[in-house]
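Here the structure comes first, spelled out in structure tokens, and everything after it is commentary.
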Amino acid sequence: MASKKLDEQAVRHVAHLARLNVSEAEVRLFAEQLSTILDYVEQLGELDTDDVPPTAHPLPLSNVFREDAVTASRPVEEALSNAPEREGAFFKVPKVIDQDSA
Amino acid sequence: MGGIVDLADDIRSGRTSSEEAVTACMEHVDLHDRKLESFLSRDRTYAVKRARSIDEARARGDGLGLLAGVPLAVKDNLCTTFSRTTCGSKMLGRFESIYNAHVVQQLKSAGAVIVGKTNLDEFAMGSSTEHSAFAATRNPWNRLCVPGGSSGGSAAAVAARLVPGALGSDTGGSIRQPASFCGVVGLKPSYGRVSRYGLVAFASSLDQIGPITTDVRDAALLLQIIAGHDDRDSTSVNAAVPDYPAAIDRSLKGTRVGVAREYFGEGLNTEVADAVHAALDAMRRAGAVIVDIHLPHMKYAVACYYLIATAEASSNLARFDGVHYGHRTGSPADIVNLYAASRGEAFGAEVKRRIMLGTYALSAGYYEAYYLKALKVRTLIKRDFDAALQQVDVIASPVSPTTAFAIGERLEDPLAMYLADIYTISANLAGICAISVPCGFDSSGLPIGLQLMGPSFGEEKILAVAHQYQQLTDHHKRVPPDFE
């Protein structure tokens with residue numbers, strides 16, 4: 001299995017992918033701990049799984065459909081009741097599109 | 001406090017009232033929970049009011065549900081419109097759900113009075129309840145030890161007889177392992193048996209909700225109430241719900257109990273092994289047939305699980321973004337900073353570690369080597385169990401390799417913590433049902449658990465064997481000395 005020890009640079013990259021701020025102390029700690037865990041999971045490489053289908057789910061379920069019927073939805077006030085910040089009937093966030101990223 | 005079935009009978013027949021039972025329960029919690037910190041929140045006003053309404057319904061002669069007036073607790077990753085739903089996380093420290101989980105609705109419809117929400121490892125990620133952002137719950141048998149986890153609050157509260165029963169959730173052993181550490185009964189139903197609607201998702205292909213009780217009869221009753229199809233969880237299977245309380249009377253005579261040597265290898269504490277073998281001997285004497293079976297891929301379960309569970313968790317926890325609910329950072333520079341800072345500030349170390357591992361296992365270049373590989377190994381593990389359960393009715397094993405460990409002992413060593421779940425994880429990967437029942441105590445007085453696993457949607461089988469075993473022993477009747 002193609003594993004190598006996760007270095008600090010890789011930890012920073014993964015943290016960015018996960019949109020997760022981590023401190024420098026956490027970067028060092030996670031590099032060590034995650035590498036230990038990755039070493040442990042290496043043992044899966046002992047198994048020949050070329051002809052084994054993956055199991056994503058324990059039940060043989062296919063899509064479950066329902067009638068496309070109109071039903072009551074949550075009142076806006078309820079849906080917004082836990083919002084950290086709101087404006088009118090909306091969740092409020094910082095500007096998403098600016099000149100640099102547009 | 002007696003068990004659920006007995007208390008429900010007492011309330012129905014008028015020997016006691018729900019208000020008396022609920023008030024006694026809340027006083028017990030007030031008196032003892034400082035020593036345990038098994039509850040994160042409780043609402044006495046709400047509970048007493050609800051108990052009175054049950055008593056009034058009874059006085060009017062209204063039909064009463066199977067749990068009418070009985071106080072129960074639920075793990076704090078189950079959404080309730082009363083109290084907060086924190087998941088043991090700073091992320092949801094002030095979160096108030098706008099709906100009830102399906103299982104909460106089911107308990108309420110049956111007349112139960114939910115008195116509070118119990119502690120857990122943050123987002124159910126852990127095996128000791130030390131990863132709660134709010135408190136480390138202690139084991140009622142020895143308060144220097146962990147209660148197990150992640151449903152450690154539910155298990156400790158039931159073991160200390162603060163409540164007669166509680167719900168937990170189990171993704172890799174989070175009901176069974178704390179039940180074992182605390183000397184109570186914990187049932188993980190088959191995947192799809194119970195709706196997960198309103199359970200804050202950790203790993204969606206593994207999570208199930210189930211009961212923690214003092215005996216198997218009570219577990220069968222709670223399963224009866226919470227099992228069944230619900231349109232709001234498309235993975236809840238539309239299959240008839242058997243009469244579980246009736247199923248437990250089936251005799252052990254002729255029951256084939258499988259024992260796999262893979263569960264008795266290196267790392268298993270000898271006192272735990274001896275207690276499990278003693279339980280098997282007791283079942284044999286009562287007419288069960290012990291059959292040797294083989295589960296060759298068992299040793300890969302922990303590795304397989306920690307790739308799949310963390311991959312699913314990294315995806316599920318993406319919803320905590322500081323926008324719709326939960327913690328938001330002070331003054332974000334931009335939207336990416338809003339996400340990353342809110343998450344970095346509010347998630348604890350174990351949750352971060354798992355999001356990182358899962359993100360890595362799913363990331364470009366590693367997906368096939370880690371995540372896809374784990375899904376294939378999951379197939380091999382599932383095939384082992386499917387084949388074994390053709391030969392036997394149930395499979396018996398220890399629940400965990402050791403009894404409860406000391407608080408702090410494994411906090412710095414995530415892998416050692418993960419190995420506490422080595423015997424429980426396979427049931428989640430295979431989607432089968434499993435139960436933990438007390439089968440003895442070690443030399444320092446800590447409880448030992450016996451695990452019984454059965455086929456998918458075969459809860460009647462494991463409940464029957466577990467109940468018949470409890471007729472032969474009284475381990476489950478012992479109460480921690482400080483809580484008698």
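Worth a mention:
- Alpha-carbon centroids, segment B:277-334 and segment B:3-63: separation in whole Å: 33 Å
- Inter-chain neighbour count for B:368-374: the average number of beta-carbon atoms from partner chains within 10 Å of each residue's beta-carbon is 5.
- The mean number of partner chain beta-carbon atoms within 10 angstrom of a residue's beta-carbon across peptide A:57-65 is 5.
- Tilt relative to chain A, helix A:8-17 - C-alpha long axis, 0 to 90 degrees, to 10: 30 degrees
- Using only alpha carbons, segment B:155-269 has a radius of gyration to Kirkwood radius ratio (Rg to Rh) of 0.99.
- Simple Cβ-charge dipole of the protein assembly as shown, Lys/Arg +1 and Asp/Glu -1, about Cα centre, in debye nearest 20: 760 debye
- Occluded residues from segment B:337-357, i.e. those whose accessible area drops by 50 Å² or more once the chain is not alone (1.4 Å probe): B:A340, B:K352, B:R353, B:M356, B:L357
- Chymotrypsin sites (Phe, Trp or Tyr not before Pro) within segment A:52-102, DSSP loop, no more than 13 other Cβ atoms inside 10 Å: A:F65
- If you take the alpha carbon atoms of segment B:1-62 and fit the smallest convex hull around them, that volume is 87 Å³ per residue.
- Whole-percent carbon and sulfur share, accessible surface of chain B, 1.4 Å: 48 percent
- With a Förster radius of 35 Å applied to the beta-carbon distance between A:A25 and B:D30, the computed FRET efficiency rounds to 0.35.
- Sites listed here are trypsin sites (Lys or Arg not before Pro) in segment B:93-192 whose DSSP assignment is loop and whose Cβ has at most 13 other Cβ atoms within 10 Å: B:R94.
- Those residues of segment B:294-335 for which accessible area with every protein chain present is at least 30 Å² below the isolated value (1.4 Å probe): B:K299, B:Y300, B:A303, B:L307, B:V323, B:H324, B:R328, B:I335
- For segment A:1-48, the normalised intensity computed at q = 0.15, 0.29, 0.31 Å⁻¹ comes to -0.42, -1.03, -1.11 (log10 of I(q)/I(0), Debye sum over alpha carbons, equal scatterers, no solvent).
- Computed [θ] at 222 nm, helices only, for the protein assembly as shown once each DSSP H run of length n ≥ 4 contributes -39500 (n - 2.57): -11500 deg cm²/dmol
- In this structure chain B gives 31 Å² per residue of accessible area when probed at 1.4 Å with all protein chains present.
- The residues of segment A:1-48 expose, per residue, 54 Å² of accessible area to a 1.4 Å probe.
- For chain A, the longest principal axis of the Cα atoms and the long axis of helix A:24-41 meet at an angle of about 60 degrees.
- Selected from A:V52, B:T23, B:G322, residue furthest toward positive end of dipole (the protein assembly as shown; charges at beta carbon): B:T23
- Taking the three principal axes of the alpha carbon atoms in chain A, the coordinate ranges are 54, 44, 28 Å, sorted in descending order.
- Volume per residue of the C-alpha convex hull in chain B, rounded to whole Å³: 136 Å³
- All C-alpha to C-alpha distances of the protein assembly as shown, sorted into 20 Å bins beginning at zero, yield P(r) values of 21, 56, 21, 1 percent in whole numbers.
- In this assembly, the B-A interface accounts for approximately 5400 Å² of buried accessible surface in total, computed with a 1.4 Å probe and without ligands, DNA or RNA.
- Here segment A:1-48 has 50 percent of its accessible surface on carbon and sulfur atoms, given a 1.4 Å probe and all protein chains in place.
- With a Förster radius of 51 Å applied to the beta-carbon distance between B:V479 and A:K95, the computed FRET efficiency rounds to 0.30.
The values are calculated or read from the model by the stated rules, or taken from the named source; none is laboratory data. Note that the structure is predicted; figures quoted are calculated from it, not measured. Note that each Cβ is placed from the backbone with ideal geometry, even for glycine, and that neighbours are counted across all protein chains shown. Keep in mind that these areas ignore ligands, DNA and RNA; they rest on the heavy atoms of the full protein, side chains included. Shrake-Rupley method; radii C 1.70, N 1.55, O 1.52, S 1.80 Å.
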